[in-house]
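To start, the structure itself, in structure tokens.
The values are calculated or read from the model by the stated rules, or taken from the named source; none is laboratory data. Model, not experiment: these values are computed from the prediction. So basically every Cβ, Gly included, is an ideal-geometry build from the backbone, and we count neighbours across all protein chains shown.
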Amino acid sequence: METNNLTVGAQLKLTSNKSFAKTPSLGLWQQIQEDWIAHGRDWTKPGFRAVVVHRFGVWRMNIQPKFLRAPLSILYRMLFRRVRNNYGIELPYTVQLGRRVIVEHQGAIVVHGNCVIGDDSIIRQGVTLGNRYLNQPFDAPKLGNSVNVGAGAKIFGNVTIGDSANIGANAVVLCNVPAGATAVGIPAKIIYPAKSEENVVPEIRGLEDN
């Protein structure tokens, strides 16, 4: 059993080699165009509107001097509260949001302000990405690229979700999830994809042969 775990660890790695979401180099309008396409070219979708407000909130922080930024900050806060209260999507501008992130549907979506969400990830209704302990309020999940988060899933604490990982519907994730793996259940258990012989490192292949 230990050998299998070692094999999986070597094959999948706990975290991806890719870096987590960074501030896109695109301009505000270019980011919004990408998000619009990612959301099916439908500007009426609540998820698209929430992402646009987030992009605007990040963009206005670069406006100098501060007195010119002030009216934009007031506008941002109004829009943020409107999206939160009307659509049930709480996505603060402090979240490190990757490119082409999709927020599917609406309702009871809460994202901690210190979260990282990588490119091409999907967040669905009822998802919470938050801290686990009251005495560690700044701990928040870090999602890699192309992470698929199912409806009602909860991810708590300073955990890392690797690239292309899947979080099952209503799962409660309290631990790291390797890239390419799936987390299901309460508390979540990790399901690994079938290992491929060609992806097993030679040292571990030798252990298995013995």
- Message: Name the single residue that is farthest from R124 (Cα to Cα) among those in the range 160-184 being polar (S, T, N, Q), within 13 Å of the chain's Cα centre (by Cα) and assigned to a strand (DSSP E or B).
- Response: T160
- Filtered residue count, the range 98-136, keeping only those that are closer than 20 Å to G168 by Cα and not in a strand (DSSP E or B): 18
- Item | Unmet requirement for T128, which otherwise passes all of (1) among the polar types (S, T, N, Q); (2) out of contact with any Ser or Thr (no Cβ under 8 Å at 6 or more places or on another chain); (3) more than 26 Å from G40 (Cβ to Cβ); (4) in contact (Cβ under 8 Å) with a residue 24 or more places away in the chain | (3)
- Task: Mind listing just one residue for me: the one in the range 47-97 that is in a helix (DSSP H, G or I) and among the β-branched types (V, I, T) and, of those, surrounded by the fewest Cβ atoms within 10 Å (Cβ to Cβ)?
- Result: I74
- Only one of G113, G98, G107 that is in contact with a helix residue (DSSP H, G or I) (Cβ under 9 Å, 6 or more places away or on another chain) and not aromatic (F, W, Y): G107
- Message: For the list (1) touching a residue at least 24 places away in the same chain (Cβ under 8 Å); (2) closer than 20 Å to V52 by Cβ; (3) of a type in the set (V, I, T), I need the number of the one condition that V147 fails.
- Response: (2)
- Message: Among the residues in the range 44-51, are any among the polar types (S, T, N, Q) and either under 22 Å from the mean Cα position of the chain (by Cα) or at pLDDT 95 or above (or both)?
- Response: yes
